[in-house]
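Peer 1: Okay, here's the structure, questions in a sec.
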Amino acid sequence: MHTEYIKKITKSLISLPTLPTVAGQLFELIDDEKDQREALEQIISADPILTARLLRMINSRGESVTGIHSAIDKLGVEQAKEICMETSMSRVFELKNSKVDSQKIWDHCYAVGIVARLVAQRYEPSLVTDAFTAGLLHDLGKTVLLQYVGKEFEQAIALSKERPCELYVAEKELLGEDHGQTGARLAETWLLPRSISEVMLYHHNLPRAEINKPLVALVSFADILCRILKAGDGGNHAAPIFTPELADELGKWNIDLEYKALEPLMFLCMAELDKRNLR
C-alpha cells in the first residue's frame, strides 16, 4: 500500500507547477545590497499583488507610503524580500474542499520563518540571510501531501492527535513517506539550495543533517517555539520538546532552554507574530 502512495506522490511532484517566478528571482539575488534593492524594485514593480502587499504592510504601521522605493526604504531590503517570498510561495497551493485548514499550515510556515529570523538575529547572525526562507519552506511537503493524498494526510493528522505522536511518524506509518521527504524531493525538482532541502528533510531529525546543521537546528527550534506559541497549525499534535541533540546545538549559541531564560525571547516572538495576526 505504501508503494502506491509513494508512486502517487512522485507523480504529483512531476506534474506540479514550476517554482514561482518571483521566488526564483529572489533566490538569484546577489549579496550586494545596492544591486539587491534595484533588482527588488523591478521584481515588485512587475507584480501588482506584490506591490499591494508591500504597501499594505508598511501603511498598516501608520505610514502614508505610495511608492515601492519608499516602501523598501521603510521596511528594509531583507523584510521586503521576506514579504515577496511569502506572497509568492503562498500562491502555489490554494487548497479547497479539505477538512484541513491549509491556511493554518501556511500561517505556521510563515511564523517559523519569522521566528527563525529573530533567533538568528539575536544568537547566530551568520544564519540571518537564510533563516526566513528556510523556516518559511520547512513544511512545504505538507501542502503537497494535502493536495495529492489529502484523505490519507488527514488520517495522519488524526492519528497524531489520537496517540498523540509526531505527525511525521504518523505519515510514515500511513504513507511510507513523511512531509520532510516529500518537501526535499520537491526542493530538488525546483533546484532549490541544498541547505533548504536539508532543512525540509531533517528538521525533525537533526543528527542526520550534514550540509548546514546550524540552519536545520535554527528552524527546528523556531518550529518548536511556534508550536508552543500556537502560531498557525501544522497538524502536529505531539507535545513540543527539545531533543538532547537540539539542546547541544543551541548550547553552542548560549541559548538556555530553561523556561525563565527563554521568556524574553518568547515575548519578542509573540510581539512579532501578533503584528502579523499569526497567533
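Peer 1: So which residues in the stretch 196-212 are surrounded by 18 or more Cβ atoms within 10 Å (Cβ to Cβ), touching an Asp or Glu at 6+ places or on another chain (Cβ under 7 Å) and part of a helix (DSSP H, G or I), if there are any at all? So that I can check it myself, show each step before the final result.
Peer 2: Applying the first criterion (surrounded by 18 or more Cβ atoms within 10 Å (Cβ to Cβ)) to the stretch 196-212 yields 196-204, 206, 209, 212.
Now drop any that are not touching an Asp or Glu at 6+ places or on another chain (Cβ under 7 Å), which leaves 197, 203-204, 206, 209, 212.
Listed by number, the residues that qualify are 197, 206.
Peer 1: I'm checking my understanding of the structure. Among residues of the stretch 258-279 that are open to solvent by 40 Å² or more (accessible area, probe 1.4 Å) and of a type in the set (A, V, I, L, M), which one is nearest to residue 169 (Cα to Cα)?
Peer 2: 270
Peer 1: Are any residues in the stretch 40-70 without any contact (Cβ under 8 Å) to a residue 24 or more places away in the chain and buried (at least 20 other Cβ atoms within 10 Å of the Cβ), and if so, which ones? Outline the logic, then answer.
Peer 2: Restricting attention to the stretch 40-70, the residues satisfying the condition of being without any contact (Cβ under 8 Å) to a residue 24 or more places away in the chain are 42, 45-46, 48, 51-52, 55-56, 58-67, 70.
Once the filter is applied, which keeps residues that are without any contact (Cβ under 8 Å) to a residue 24 or more places away in the chain and buried (at least 20 other Cβ atoms within 10 Å of the Cβ), the stretch 40-70 yields only 58.
Peer 1: Suppose we filter 171, 124, 154 for residues that are of a type in the set (Asp, Glu) and under 30 Å from residue 81 (Cα atoms); which single one remains? Outline the logic, then answer.
Peer 2: Numbers: 171 fails: under 30 Å from residue 81 (Cα atoms); 154 fails: under 30 Å from residue 81 (Cα atoms).
Of 171, 124, 154, the one residue that is of a type in the set (Asp, Glu) and under 30 Å from residue 81 (Cα atoms) is 124.
Peer 1: Sticking with this structure for a sec: Only residues that are closer than 29 Å to residue 161 by Cβ, surrounded by fewer than 14 Cβ atoms within 10 Å (Cβ to Cβ) and over 20 Å from the mean Cα position of the chain (by Cα): list them for the stretch 241-256, please.
Peer 2: Once the filter is applied, which keeps residues that are closer than 29 Å to residue 161 by Cβ, surrounded by fewer than 14 Cβ atoms within 10 Å (Cβ to Cβ) and over 20 Å from the mean Cα position of the chain (by Cα), the stretch 241-256 yields only 244.
Peer 1: Going residue by residue through the stretch 172-179, is there one that turns out to be touching a helix residue (DSSP H, G or I) at 6+ places or on another chain (Cβ under 7 Å), of a type in the set (Gly, Ala, Ser) and at pLDDT 95 or above?
Peer 2: Looking through the stretch 172-179, none of the residues is touching a helix residue (DSSP H, G or I) at 6+ places or on another chain (Cβ under 7 Å), of a type in the set (Gly, Ala, Ser) and at pLDDT 95 or above.
Peer 1: Tell me, which helices (runs of 4 or more DSSP H) lie completely within the stretch 1-57 with 3 or more residues that are at pLDDT below 70? First the steps, then the outcome.
Peer 2: Values: elements: 2-15, 21-27, 33-45.
The qualifying helices (runs of 4 or more DSSP H) are 2-15.
Peer 1: Please verify whether the stretch 132-143 includes one or more residues that are in contact (Cβ under 8 Å) with a residue 24 or more places away in the chain and over 21 Å from residue 87 (Cα atoms). Working first, answer last.
Peer 2: The first filter runs over the stretch 132-143 and keeps only residues in contact (Cβ under 8 Å) with a residue 24 or more places away in the chain, leaving 132-143.
Going one step further and asking which of them are over 21 Å from residue 87 (Cα atoms), we end up with none.
No, because not a single residue in the stretch 132-143 is in contact (Cβ under 8 Å) with a residue 24 or more places away in the chain and over 21 Å from residue 87 (Cα atoms).
Peer 1: Return only the number of the condition from (1) open to solvent by 40 Å² or more (accessible area, probe 1.4 Å); (2) in contact with a Pro (Cβ under 6 Å, 6 or more places away or on another chain); (3) in a loop (DSSP other than H, G, I, E, B); (4) of a type outside the set (S, T, N, Q) that residue 238 does not satisfy.
Peer 2: Residue 238 satisfies all of (1) open to solvent by 40 Å² or more (accessible area, probe 1.4 Å); (2) in contact with a Pro (Cβ under 6 Å, 6 or more places away or on another chain); (3) in a loop (DSSP other than H, G, I, E, B); (4) of a type outside the set (S, T, N, Q) except (1).
The values are calculated or read from the model by the stated rules, or taken from the named source; none is laboratory data. Fair warning: this is a prediction, and the values are worked out from it, not measured in the lab. Positions of Cβ are backbone-derived with ideal geometry, glycine not excepted, and every protein chain shown enters the neighbour counts. Heads up: the accessible areas ignore ligands, DNA and RNA and are worked out on the full protein's heavy atoms, side chains in. Shrake-Rupley method; radii C 1.70, N 1.55, O 1.52, S 1.80 Å.
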